[in-house]
Amino acid sequence: MQFQLPSNLQQHLVKYDPEVKKVIAATKPKVTRNNLGLPDDLIPPHIVSKEELLQAVTNINTELVEDRYRVFQKDTGEVKAIIKYGRIDFCTWTDYITKDSIEAGLTTPYWAHNATSGYKQKVIQIKRGIKLFTDQLQQTIPHWKDVGTHNIFKRLDLKTNNYKYILRILEERPSVPGVELYKSYLDADNRYILDTPWFKRYINTEAQKIIDAFHHPDTKSPDVLVDIHEDIKKILTWINLVLKIWPACPVDYLQTAISNDVFKTLSIYSLSPSDLVHAWLNTYLPVESFFKIITKFTEEWLSKCKNYSHTTKYNATFSSLQDTVAMLDQILTAGQTIDPPKRWRIDEFHDHIQTKAWTIKNPNQELPQDLFPTPIKVLDEEQNWTFFKPKETDQLSHLFPTPNKGHTWTFFQPKDTHQLSQWGQAVRNCVGTADSYANNVRSKKAFIVLCMCNNKPQFTVLLKVSDGVMHVDQIVGLSNARLNDLERSKYENMFSKALQLREEELKSVS
């Protein structure tokens, strides 16, 4: 079976039909080209325009060998270029470039024109000569050491070679690095800081580094100036952030943080997205504790960054602090309250508020408790077994009060997602905040069993059933730790007893 396509449809589907493409290609008229070629940029366009050059080469292609040339003249009759078939002769002249020429806009190194790639072998000697000339020129003029030839005059151009242009200083600000310039980067209420002797000396020292680099002939790049300037601005931004939360912050704390590269190292992010967070931190977090937190992180970071680049070394993200402040803002914005931690350790504070922040975003949902509708307690009769040290937090102890005698194991299923999240905080894992775990329980694809010993959270277990056999899909200890052989043996023994007790409960009901 076959179908003949109409002509219009043939044309429309020509890309799919190689035979039709051959026919169409055969009927296309041939384009007459210059058989002697027309290399791009045969003569620089500022000497002979491309249109004039194209017309000349077209005419040359039609002439006999002895007439294949063209002389280009200026309006005065002076020869400016000659083109011949087989070779090119240039008529050259000398022009003196001065500072006035550069200030007037002549900043392009025309002699360093890139030759067409197809002609590299033919112009290699010319390019070597150009490089030699450029190297000699660089020895006689001020220039940034690490910029390319195309920017060779950049350090002589007054329009770009100034502090305002290089440092991107706004027009209304002072134009030279110094105390008055950097005061403009502080909030009006905080500018008094730069009038103190220590800060005035610090700013003047850093500003002088910029000025010296600007004038020193061996400075590699204007980026050297920019790096120092941006570090100062970053420090001043940190000062604004700190004083916005703790207006009475002692100046000594700020000075020490600068001396220890704390502000310089930490990337700038908002310490508090709202005034509510400002007020909470001001009330509960002592400014001394805050500086201990960021100083400890900085010391640990810098100890690992000895060979890092400037950008990487001084752009550290304090993720735990950033996340904690974001969650705190979420809680306070929702109209909730949160008590401060017993001691100010950033990881503990992060865990302290993580569950509450999660419960605000996620409504509470009930979870099935088909395996253990009520907690199952198992007494461990082996008193000679030494249990590993439990976690200090004890946030779930009120749920199942148990006399602290011997080893009593408690197995239960979380009744809802908020309780599961509370457990995740107590044992420091993601079981309470990762939706996949709760979804598997709700859809009855798996069981989550939580295990306590002597009323202390210990194990988190994911179980599945296949052909009447329940098996452990995943089991972890505190902070997602793997169980050692002793812990695993003890858990298997105690959980087997819990299943037997549950079996007896079902028998008594039936």
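Taking amide hydrogens as modeled 1.01 Å from N in the peptide plane, which residues meet the under 5 Å criterion relative to ASP416, leaving out close sequence neighbours?
Here the answer is LEU367, since their amide H atoms fall under 5 Å of that of ASP416.
Using the heavy atoms of the protein chains alone and a 1.4 angstrom probe, what is the accessible area of segment 183-232 per residue in square angstrom?
So segment 183-232 comes to 53 Å² accessible per residue, rounded to a whole number.
Tally up the carbon and sulfur contribution to the accessible surface of segment 161-209 as a whole percent, 1.4 Å probe, everything protein left in place.
Whole-percent figure for carbon plus sulfur exposure: 50.
Carbon-plus-sulfur fraction of the accessible area of segment 266-354, 1.4 Å probe, in percent?
Ligands and nucleic acids excluded, carbon and sulfur give 48 percent.
Taking the convex hull of the alpha carbon atoms in segment 213-349, what volume per residue do you get, in Å³?
Considering the Cα atoms of segment 213-349, their hull volume per residue is 121 Å³.
Can you pull out the chymotrypsin sites (Phe, Trp or Tyr not before Pro) in segment 271-379 that DSSP calls coil and that have at most 16 other Cβ atoms within 10 Å?
Answer by residue number: TYR308, TRP344.
I'd like the carbon and sulfur percentage of the solvent accessible area for segment 417-510, probe radius 1.4 Å, heavy atoms only, ligands and nucleic acids excluded.
After summing per-atom areas, the C and S share lands at 47 percent.
Okay, which of segment 166-195 sit inside 17 Å, backbone N to the point 7 Å along the Cα-Cβ direction of HIS215?
Answer for segment 166-195: 175-179.
When the Cα centres of segment 258-323 and segment 168-240 are compared, how far apart do they sit, in Å?
Centre-to-centre (Cα) distance: 21 Å.
What's the magnitude of the charge dipole for segment 224-266 around its Cα centre, counting Lys and Arg as +1 and Asp and Glu as -1 at the beta-carbon? Answer in Debye, nearest 20. If you can, show how the numbers build up before the last one.
Values: 4 positive and 5 negative charges, 35 e Å.
About 160 debye.
I'd like to know which of ALA279, ILE268, CYS305 lies farthest towards the positive end of the charge dipole of segment 266-306, counting +1 on Cβ of Lys and Arg and -1 on Cβ of Asp and Glu.
CYS305
So how much accessible area does TYR163 have, in Å² to the nearest 10, using a 1.4 Å probe?
Accessible area of TYR163: about 30 Å².
Counting heavy atoms of the protein chains only and a 1.4 Å probe, report the per residue accessible area for segment 264-336 as a whole number of Å².
With the other protein chains kept in place, segment 264-336 gives 52 Å² per residue.
The values are calculated or read from the model by the stated rules, or taken from the named source; none is laboratory data. Because the structure is predicted, anything quoted here is derived from the model rather than measured. Because the Cβ atoms are built from the backbone with ideal geometry, glycine has one as well, and the counts that use them run over all protein chains shown. Only protein heavy atoms, including side chains, enter the accessible area calculation; ligands, DNA and RNA are left aside. Shrake-Rupley method; radii C 1.70, N 1.55, O 1.52, S 1.80 Å.
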